[in-house]
Structure formats: structure tokens, C-alpha cells
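Trainee: Pasting a structure below so you can have a look.
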Amino acid sequence: AKDNGGNEICFYEPSLHLRAEERRRIELALRGALGGGELRLVYQPVIDAVTGRIESCEALMRWFKPEFGEISPAKFIPLAEETGLIVPIGEWALRTACAEAAQWPSEISLAVNISPRQLQDPGFMTMLVSTLARSGLEPNRLELEITETVFLNITPDTRKILHQIRQLGVRLAMDDFGTGYSSLGYLREANFDTLKIDQTFVRSASRDDPDSAAIVRAVVALANSLDMTTVAEGVETQEQLELVCEIGCDRIQGYIFSAPVPANDLRPMFADKNRR
Ligand code: C2E
Ligand code: CA
Ligand code: CA
Ligand code: CA
């Protein structure tokens, strides 16, 4: 990070290189963000590739800092993970999203991103159970998205938590599949329901790039053989849409249907796309 003179923080460098003092400032700013109502959630619909109906919506965090504008979660989530603040921030996101989704038509599920760091928190299961109870959201309408980095240094405790999540009836999705540590064995062991194919593959998959298309094809075949639902992330163009549909992806997420939107904008979309 670089100091640009005032009290502001610039997020240029990987946060690992932050000096202790800067780290404390960012931690303070993020702590203030949570308390001061600067964090918001937006939601992105995930569409069934066959019926065109909205299956679920993914909650995505936004940080609006008055003097600074919008800070991308790609920048502040890693800092939150390092400082441990992802635990209270992630809890806020889960509570807020579950309360919101409990108001949606019951056929629409909610997906929430969970950092591996949150699963290491001893209070995680209690928090999850109480959040579901307070919101009234049925557990089978919630899916937790976890990146494959969770398997990098997985402990017996984290394995147990993944198992307990499934026991609750909450689903698990492997996020950003293909970008990190490929963990085919764990996919089966941990009983993930959904596999989200990372946008880098989807983006480059086209008739002109048969290698990327072949990767998507192979991942879909793997997921099918493990009885998992596939989601193509980051679908932007008609060409990408046709290709991932032809390959047999079950669900589509991307700007071609909708960018992430505030909760209030979902209702007209539900009414429009999910008309019976
Ligand atoms: P992700 O979980 O892979 O989320 C998908 C990202 O792709 C989102 O970026 C979304 O806005 C973006 N996206 C969706 N469709 C398209 C498309 O067609 N084209 C392009 N170019 N992008 C598309 P966003 O919202 O900036 O979030 C970035 C990452 O930050 C997320 O990646 C996730 O890893 C993390 N994140 C966001 N919210 C949370 C949260 O509440 N908790 C945790 N732990 N992580 C979060
Ligand atoms: Ca995600
Ligand atoms: Ca993803
Ligand atoms: Ca991602």
C-alpha cells in the first residue's frame, strides 16, 4: 500500500507487504466501515441455462467510502482476511443476505461467499445456525461459496466444519474452479454440490480458442461424473453463452444477464424472468 498524503489508503501492493502501521490504519478503516454503514451487498442472478429462470442470486460486498468512492472487494477482502476482520464482516454479510433472501420467492436460493479464514473461526457453526434461525431462511436455500484454496492447508477441524455445513442441509459450491490448487479428490470427499467454473476460462472460451473451450468441456464432464451442478461465471457475450450452453453448463452467471444489483432491483427481475 502507498500513502498518498492524507488519511487515505491506496491499495496498490499485495497486502502482504504492508507495514504494521499501515495495516493498523486499514484495519481501523475497515472496522469503521462495518460500524458506519459503509458496507453494502449487491446481488447477481444466476440463471438456469435451460429454462432461463433465476435459480439463485450471489451476494457480493461493496465498500462505499465517502471520500474515496467504491472500493472493490477484490482489494479489501484480502486485507480483511489478513487482519481477521473477515470474521465480523463475513458474519454481517451472511446475516444481511439471509434476511434479504428470506423475502424472495421460495424457489430462489442465495449464494454467499465464505473465506477459508471464516471456517477456522471456532464460532462459525453457531453463527451459521443462529443466522438461519433468525432469518427464517430454509437451509436448503443457502449455498456457501468457498474457493479451492480452502484445501491448501486443510485441517481436520475445517474438514469437520464442511461436513457439519452439509449436515445442516446448507449446500457448498467450489468457487473459481481451476484457478488454484486443483483438488479433485477433495471435491468428492467434501461433498460439494456445485462447481463454479472461473471466468478466466469462460472469458477465453470461444470457437477461436479451442483449448479454453476444451478445459470448460473437461471440467463440466468431471462435475457431471461427480453429480455436481456447474455454473459458468462471467458470461458476457452471446458467443460465450452459446458455447457454455452447448457444452452443457447447468447455470449461467454474468453481465449478459445482469451485473450485481442492489436488493431492491431484484424484484422486477424475479417478476419478469420467473413468470409462470
Ligand atoms: P467471485 O466470488 O468470483 O465473484 C464474481 C465476481 O465476478 C464479482 O466481482 C462479480 O461482480 C464479477 N462478475 C460477474 N459477472 C461478470 C461478468 O460477466 N464479467 C466480469 N468481468 N465480471 C463479472 P466482485 O463483486 O468485484 O467480487 C470480487 C471477489 O471478491 C469475489 O469473486 C469474491 O471472491 C470476493 N467477495 C465479494 N464479496 C464477498 C463476501 O461477501 N465475502 C467474501 N469472503 N468474499 C467476497
Ligand atoms: Ca463467488
Ligand atoms: Ca467465482
Ligand atoms: Ca473470482
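Trainee: Arrange Ser212, Ser56 by Cβ neighbour counts within 10 Å, fewest through most, would you? Mind showing how you got there, number by number?
Mentor: Details: Ser212 17, Ser56 26.
Ordered from fewest to most neighbouring Cβ atoms within 10 Å, Ser212, Ser56 come out as Ser212, Ser56.
Trainee: Here's something else I'd like to know. For the pair Phe68/Trp92, report the inter-label distance in nm, with labels modelled 7 Å from Cα in the Cβ direction.
Mentor: Simple spin-label model gives 1.3 nm for this pair.
Trainee: Would you calculate the separation in nanometres between label points at Ala102 and Thr155, each defined as 7 Å from the Cα along the Cα-to-beta-carbon direction?
Mentor: 3.1 nm
Trainee: Students often get this wrong: which residues of the stretch 110-129 have the backbone nitrogen under 20 Å from the point 7 angstrom along Cα-to-C-beta of Gln164?
Mentor: 112-129
Trainee: Compute the distance in nm between two label points, each set 7 Å from the Cα along the Cα-to-Cβ direction, one at Ala218 and one at Arg31.
Mentor: Result: 4.7 nm between the two label points.
Trainee: I would also like to ask the following. In sequence order, what are the phi-derived ³J(HN,Hα) couplings for the stretch 227-241 according to the Karplus relation 6.51 cos²θ - 1.76 cosθ + 1.60 with θ = phi - 60°, rounded to whole Hz, with x for glycine and proline?
Mentor: For the stretch 227-241, the Karplus curve yields 6, 9, 7, 10, 10, 8, 8, x, 7, 10, 10, 4, 5, 4, 4 Hz.
Trainee: What would the Debye formula give as log10 I(q)/I(0) at q = 0.12, 0.15, 0.23 Å⁻¹ for the alpha-carbon point model of the stretch 212-275, no solvent?
Mentor: Values returned for q = 0.12, 0.15, 0.23 Å⁻¹ are -0.37, -0.55, -0.96.
Trainee: Let me ask you something else. Place +1 on the Cβ of every Lys and Arg and -1 on the Cβ of every Asp and Glu in the stretch 40-139, take the dipole about the Cα centre, and give the residue among Leu85, Pro122, Phe68 whose Cα lies farthest towards its positive end.
Mentor: Result: Phe68, furthest along the dipole toward the positive end.
Trainee: Would you mind ranking Thr229, Thr179 by Cβ crowding within 10 Å, fewest neighbours first? Walk me through the numbers before you get to the answer.
Mentor: Working: Thr229 18, Thr179 15.
Arranged by neighbour count, lowest to highest, Thr229, Thr179 become Thr179, Thr229.
Trainee: Can you tally the net charge around Gly178? Count Lys and Arg as +1, Asp and Glu as -1, for every other residue whose Cβ sits under 9 Å from the Cβ of Gly178.
Mentor: Details: positive: none; negative: Glu148, Asp176, Asp198.
That sum, taken over residues with Cβ under 9 Å, equals -3.
Trainee: What number does the chain give for Rg over Rh if you use C-alpha atoms and the Kirkwood radius?
Mentor: 0.96
Trainee: Still on this structure: If we count every other residue with Cβ under 14 angstrom of Leu119's Cβ, Lys/Arg +1 and Asp/Glu -1, where does the sum land?
Mentor: Summing Lys/Arg as +1 and Asp/Glu as -1 gives -3.
Trainee: Hand me the tally of lysine pairs in the chain: alpha carbons under 27 angstrom apart, and the pair either on different chains or 8 or more positions apart.
Mentor: Numbers: Lys2/Lys65; Lys2/Lys75; Lys65/Lys75; Lys75/Lys196; Lys160/Lys196; Lys196/Lys273.
Lysine pairs, 8 or more places apart or on different chains, close enough: 6.
Trainee: Rule-of-thumb check for the stretch 130-276: C-alpha Rg over 2.2 N^0.38 Å?
Mentor: The value comes to 1.13.
Trainee: Going by how many other beta carbons lie within 10 Å of each one, how would you line up Lys196, Lys160, fewest first?
Mentor: Lys160, Lys196
Trainee: Tell me the mean residue ellipticity at 222 nm calculated for the chain from its helices only (DSSP H runs of n ≥ 4, each -39500 (n - 2.57), averaged over every residue, nearest 500). Write out the running numbers ahead of the final one.
Mentor: Working: 11 runs with 118 residues, N = 276.
Estimated from H runs of four or more residues: -13000 deg cm²/dmol.
Trainee: Next up: Would you work out the Kirkwood radius for the stretch 130-212? I mean one over the mean of 1/r across all pairs of different Cα atoms, in Å. Before the final figure, lay out the partial values.
Mentor: On the way: mean 1/r = 0.0701 Å⁻¹.
Value: 14.3 Å, from the Cα pair sum.
Trainee: Also, I was wondering about something else. Can you give the longest stretch of the chain with no exposed loop site, where a site means GluC sites (Glu not before Pro) in a DSSP loop (not H, G, I, E or B) with at most 14 other C-beta atoms within 10 Å?
Mentor: 108-235
Trainee: Which ³J(HN,Hα) values in Hz, rounded to whole numbers, follow from the phi angles of the stretch 93-98 under the Karplus curve 6.51 cos²θ - 1.76 cosθ + 1.60, where θ = phi - 60° and Gly and Pro get x?
Mentor: Once θ is set to phi - 60°, the couplings for the stretch 93-98 become 4, 5, 4, 5, 5, 5 Hz.
Trainee: So how much slack lies between Thr200 and Glu138, counting 0.36 nm per residue of separation and subtracting their Cα-Cα distance, in nm?
Mentor: Taking 0.36 nm per residue and subtracting the Cα distance, the gain is 19.0 nm.
Quick note: the coordinates plus some simple rules give every number you see, no bench work behind them. Owing to the predicted nature of the structure, the values given are computational and were not obtained by experimental measurement. Cβ sites come from the backbone with ideal geometry, for glycine too, and all protein chains shown count toward neighbours.
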